[in-house]
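Here is the structure we will look at, set down as structure tokens.
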Amino acid sequence: MKTLRLAIFIVVALVHVSVPASVMWNRERTLRHGRVWKFRTAPVDPVDAIRGRYIALRFAAEIAPPQVEVSDRSIKPDTLVYVSLKEDADGFAQIDQISETVLRGDNIVTAETGYWAQNAPRVHFPFDRYWVTEKNAAAAERAYIENSREQKQNAYVTVRVRDGDATLEQLYIDGQPLPEYLRAHPPK
């Protein structure tokens, strides 16, 4: 009886450990082997009472260009879709195709549909939060907002994509990773 309880306990413990471990393993594999995509950003910065400070990200690429192929124009908001990415002339990601059918590749990201904007489909990418330490939060927020204004817009993120899985890699401001930018431009 004791061995049965011990065996059940071990199996349950392994299941509890394996789920978060597999999520972390997939994210690490994506960060190591995924293709890098750059996304232009727009400013917002909320706080999560449980998880801490983050910079909420919006992307210019969330609104598809008019020539984008959409598998079904009647896709409703909040529908899971597969977004095929391509690079624009400046090397930034933009939507190439939106499909409800499963697509695979290092240029495919899963996303949720939003309401149509400017007569074009809008999607919401899952990598919309860049977490920062509490110590750097205020300076990071100021730097991001200052460099995301319409006149300046030199903030972007790199995202690693592998087989539909996307992981936010780094936030860049004025061509520098955020930690380097904050060291070079200390708060006044």
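Values for this structure:
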| quantity | calculated |
| --- | --- |
| Lysine pairs within the chain, Cα separation less than 21 Å, 8 or more sequence positions apart or different chains | 4 |
| Karplus-derived 3J(HN,Hα), 6.51/-1.76/1.60, for each residue of the stretch 88-97, Hz, glycine and proline x | 7, 4, 8, x, 9, 5, 8, 6, 9, 7 |
| Under the Karplus curve 6.51 cos²θ - 1.76 cosθ + 1.60, θ = phi - 60°, whole-Hz ³J(HN,Hα) for the stretch 77-84, x wherever Gly or Pro sits | x, 6, 9, 6, 10, 10, 10, 8 |
| The chain - Kirkwood radius from inverse mean 1/r over Cα pairs (Å) | 18.4 Å |
| Relative contact order, percent, the chain [alpha-carbon distance under 8 Å, six or more residues apart] | 25 percent |
| Added length on full extension, which subtracts the Cα-Cα distance from 0.36 nm per residue, LYS135 to VAL11 | 40.6 nm |
| Dipole of the chain, positive end: most advanced residue of LEU103, MET24, ALA7 [Cβ charges, Cα centre] | ALA7 |
| Amide hydrogen neighbours beyond the local backbone of ARG58, cut-off 5 Å, H modeled | ALA42 |
| Protection proxy ranking, peptides 17-28, 78-89, average beta carbon neighbours within 10 Å, highest first | 78-89, 17-28 |
| Rounded to 5, percent antiparallel among DSSP beta bridges of the chain | 90 percent |
| Normalised contact order of the stretch 81-170, rounded percent, pairs of Cα under 8 Å and 6 or more residues apart | 27 percent |
| ³J(HN,Hα) computed for each position of the stretch 3-10 - Karplus, 6.51 cos²θ - 1.76 cosθ + 1.60, integer Hz, glycine/proline x | 5, 5, 4, 5, 5, 5, 4, 5 |
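Read the figures in this text as sums done on the coordinates, not as results from a lab. What you see is a predicted model, and the numbers here were worked out from it, not measured in a lab. Glycine also receives a Cβ, built like all others from the backbone with ideal geometry; neighbour counts cover every protein chain displayed.
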